[in-house]
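The values are calculated or read from the model by the stated rules, or taken from the named source; none is laboratory data. What you see is a predicted model, and the numbers here were worked out from it, not measured in a lab. Neighbour counts run over all protein chains shown; Cβ positions are idealised from the backbone, glycine included. Keep in mind that these areas ignore ligands, DNA and RNA; they rest on the heavy atoms of the full protein, side chains included. Shrake-Rupley method; radii C 1.70, N 1.55, O 1.52, S 1.80 Å.
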Amino acid sequence: MHLPTLRQILELPAFAGAELLSGQGRLEAPITWVHVAEVLDVARLLSGGELVLSTGLELSRSTPEAQVAYVRSLAEAGVGGLGLELVQWLTEVPPEMLQTARMLQFPILAFRTEVRFADLTRAAHERILRPAVDKEEPLLDSLLEALVETGRDRSFLQRQLGAILNLPSRPRSTLLATLEALLASQFNIAETARRLGVRRQSIYYRLEQLRGMLGDLESPERRLGLWVALELLKR
């Protein structure tokens, strides 16, 4: 799998509104994942190469020193860039923070209109996980076709989503849509609520339902299985 560069991520239609304010020399750096996070100590959770997205909520409440330390921590962790929505909490990148990013050649992207982080993460992750390769069938398509051709698609769906699929139509569609939005936003409650147009309390309630019916939702293998099952349902 060939990871896309920051330049290639920015060329995706979902990122059309992004303005690169710093780090122009890092456009060819590979992006390994997209992570939505508001907390300022997120760097300790990352492994390098991620593109971090934030509304700037915690940054707007922080001192200039804390903002500078935040950028430094991301750069030192090898993060691929920071995307900020400059709409509600911040309308401009704090000057000390931007100056530090430029000194470190750390990429900061600005979105000056409201964006849906779920759309950004979905587009980027599809590019990361299913890069376009000439004359080669996408991996997910191959996997789905293999499940269907071997007659294992129904048993796979039952193992992954059986408890939900047995529900009446309305709660089934509600929980499936919520699960897909949670997976797309990496289980970010606020982003999921915004994507579905409901209150956060509703997402917390539905998440408890999903956990009660499906069990483990935390492991990468489980989330991958659920994602494949949802894609299988669409086909």
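Structure summary
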{"read-out": "Largest-first principal axis extents, alpha carbons of region 25-92, Å", "value": "30, 22, 21"}
{"read-out": "Accessible solvent surface per residue of region 147-218, calculated while the other protein chains remain in place, 1.4 angstrom probe, Å²", "value": "57"}
{"read-out": "Volume in Å³ per residue [convex hull over Cα atoms, computed for the chain]", "value": "131"}
{"read-out": "The chain - percent of accessible surface contributed by carbon and sulfur, probe 1.4 Å", "value": "52"}
{"read-out": "Farthest toward positive dipole pole in the chain [+1 Lys/Arg, -1 Asp/Glu at C-beta], among Thr178, Phe117, Val42", "value": "Thr178"}
{"read-out": "Formal net charge of residues neighbouring Leu214 (Cβ-Cβ distance under 14 Å; K, R +1; D, E -1)", "value": "+1"}
{"read-out": "Of Leu210, Leu120, Leu45, the one that fluctuates the most in a GNM where the chain has Cα springs shorter than 10 Å", "value": "Leu45"}
{"read-out": "The chain: antiparallel DSSP beta bridges as a percent of all, rounded to 5", "value": "30"}
{"read-out": "Region 29-96 - accessible surface per residue (Å², probe 1.4 Å)", "value": "43"}
